[in-house]
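Engineer: Sharing a structure, written as structure tokens. Questions coming.
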Amino acid sequence: MLTNQENQLLCRVEADAPMGQLMRRHWTPVCLSEEVAEPDGAPVKARVFGEDLVVFRDTLGRLGVMDEYCPHRRASLVFGRNEDCGLRCLYHGWKMDVQGKVVEMVSEPAASALADKVQHRAFPTQEWGGFVWAYMGPADSRPDFVPPPWAPTADTRVTIAKVVVACNWAQILEGAIDSAHSSSLHSSDMVPARVGGAEATDTAWLRPSTDKAPRIQVERGNYGFRYAALRRPISNATTNDYVRTTVFAAPATALIPPNNRYNVANVNVPQDDTSTCFYFIAWGDADQTPDTDTWRKFLGQQVGADLDASYHPLRNRANHFWQDRAAMKVGNFTGISGFPNQDIAMWVTMGAIADRSHERLGASDQAVVEFRKQMLAAVREFQAGAPAIGTGASRIPAAICAFQAIIPKTTDWRAFQAVPVWGTDHPMLEPSYSTTAQR
């Protein structure tokens, strides 16, 4: 458990909060590319680290990520006109380009030099892996953009479900790296079966174990850590272990054990201290990785059916997350459909910021404890002048990935030669990307 002071240091991200300042030293997803797919299309509201942003794609296809509020009288630019390579405020017609330069002030005299004195707050941007990214930290600390481990190449299929969760980022991240809960909370969707490893069907994920009490072993890295959850397999349990490894890539990404068809990850972007954009990602070969509609339907994360137009869940605490008690009586463990919805129910009911001072942790919580220790140490080192964890020399190595396999007890999982799941005809290409941001 943590003290209240430690909990605040871990969780708070707004304004000058040290954890938020650490996170700002990373490139951060601000919205999905599909939300701003159309040049001169409708601007989109985003919120990151407690800041309200507007995102738009201009006439030439360039991306802008700016302070939502017009520098003139602070009206929202989300309602502005996206036209002729700029975003025009409806109130007085001031127009800003993607770099925040005021290019027109129609309400001012023609001879006015005011436009030359005003610079709207705008952020460097990059588009990759289905996201619009922004760098929101100090200019002198801006790293080159490097593709994340879940989108290593331009032709990797990356399929994303987005949901806004009404709680702090850290309890979501802890849920993502907690392998033990899946054997209970997700037991009706991650089903024990006599298979040679984790397999994906159209309706469930099969796993070759009934063991609900995994043994946890952690291997620490300067990028974060990876850990193994060792379970008894259904077959040959005396000689083999079923190993599922999860990777925590600081500050807020988890690489989840894959199945036989595709890899899995999640990215957690704090909107503010008490809400988070949770992105659940399938990635890999296009022939094996589900398309967007299939993925969102499988997860129960479809806009209109499960989410409102702003990606907020229609299931919530007030309606008991649409829990079906009749289904529970005939065998469904939670009565909540879609395993991310099962997670969300747990995260939200812990409170907007979970009070970790009242917890009672056990052996299966070893990865959660490691996360807290590492991130608290990292943020204190950052406060003392060290680089942010996960940047520069501490960036996650390209060779690190999550895996699952049945392996002999005599084999150390740390030495197991793991590679991402790809189609048999799909070579792992060298990353082909530009390290130069749009500005």
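Per-residue answers, yes or no, for (1) among the hydroxyl-bearing types (S, T, Y); (2) within 25 Å of V267 (Cα to Cα); (3) touching a strand residue (DSSP E or B) at 6+ places or on another chain (Cβ under 8 Å); (4) open to solvent by less than 60 Å² (accessible area, probe 1.4 Å):
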site: V102; (1), (2), (3), (4): no, no, yes, yes
site: A115; (1), (2), (3), (4): no, no, yes, yes
site: A134; (1), (2), (3), (4): no, yes, yes, yes
site: G137; (1), (2), (3), (4): no, yes, no, yes
site: S141; (1), (2), (3), (4): yes, yes, no, yes
site: A161; (1), (2), (3), (4): no, yes, yes, yes
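Engineer: Next up: Looking at the stretch 1-23, which of the residues that are in a loop (DSSP other than H, G, I, E, B) and small (G, A, S) is least open to solvent (accessible area, probe 1.4 Å)?
Structural biologist: This residue is A17.
Engineer: Take the conditions hydroxyl-bearing (S, T, Y), surrounded by 22 or more Cβ atoms within 10 Å (Cβ to Cβ) and within 27 Å of Q383 (Cα to Cα) and apply them to T28. Does it pass? Before you say what the answer is, go through the steps one by one.
Structural biologist: Numbers: hydroxyl-bearing (S, T, Y): yes; surrounded by 22 or more Cβ atoms within 10 Å (Cβ to Cβ): yes; within 27 Å of Q383 (Cα to Cα): yes.
Taking the combined requirement at face value, the residue satisfies it.
Engineer: Just the residues that are farther than 29 Å from F321 by Cα, outside any helix (DSSP H, G or I) and under 19 Å from the mean Cα position of the chain (by Cα), please, taken from the stretch 347-392.
Structural biologist: Passing the criteria: A388, I389, G390, T391.
Engineer: Now a separate question. Could you list, in sequence order, the residues of the stretch 332-366 that are hydrophobic (A, V, I, L, M, F, W, C), within 30 Å of D202 (Cβ to Cβ) and open to solvent by less than 40 Å² (accessible area, probe 1.4 Å)?
Structural biologist: Quick first cut of the stretch 332-366, residues hydrophobic (A, V, I, L, M, F, W, C) only: 333, 336, 339, 344-348, 350, 352-354, 361, 363.
From what is left, the residues that are within 30 Å of D202 (Cβ to Cβ) are 333, 336, 339, 344-348.
Within the stretch 332-366, I336, F339, I344, A345, W347, V348 meet the criteria.
Engineer: Something else about it: Hey, which of the strands (runs of 3 or more DSSP E) in the stretch 212-306, taking only ones fully inside, have at least 1 residues that are touching a residue at least 24 places away in the same chain (Cβ under 8 Å) and surrounded by fewer than 23 Cβ atoms within 10 Å (Cβ to Cβ)?
Structural biologist: Filter on the stretch 212-306 gives 215-221, 224-231, 240-249, 263-272, 275-284.
Engineer: With respect to P143, is the statement that it is in a loop (DSSP other than H, G, I, E, B) and in contact (Cβ under 8 Å) with a residue 40 or more places away in the chain true?
Structural biologist: Numbers: in a loop (DSSP other than H, G, I, E, B): yes; in contact (Cβ under 8 Å) with a residue 40 or more places away in the chain: yes.
It is true that P143 is in a loop (DSSP other than H, G, I, E, B) and in contact (Cβ under 8 Å) with a residue 40 or more places away in the chain.
The values are calculated or read from the model by the stated rules, or taken from the named source; none is laboratory data. Values in this document were obtained by computation on a predicted structure and should not be read as measured data. Heads up, the Cβs are rebuilt from the backbone with ideal geometry, glycines too, and the neighbour counts pull from every protein chain shown. Note: areas computed on protein heavy atoms with side chains; ligands, DNA, RNA excluded. Shrake-Rupley method; radii C 1.70, N 1.55, O 1.52, S 1.80 Å.
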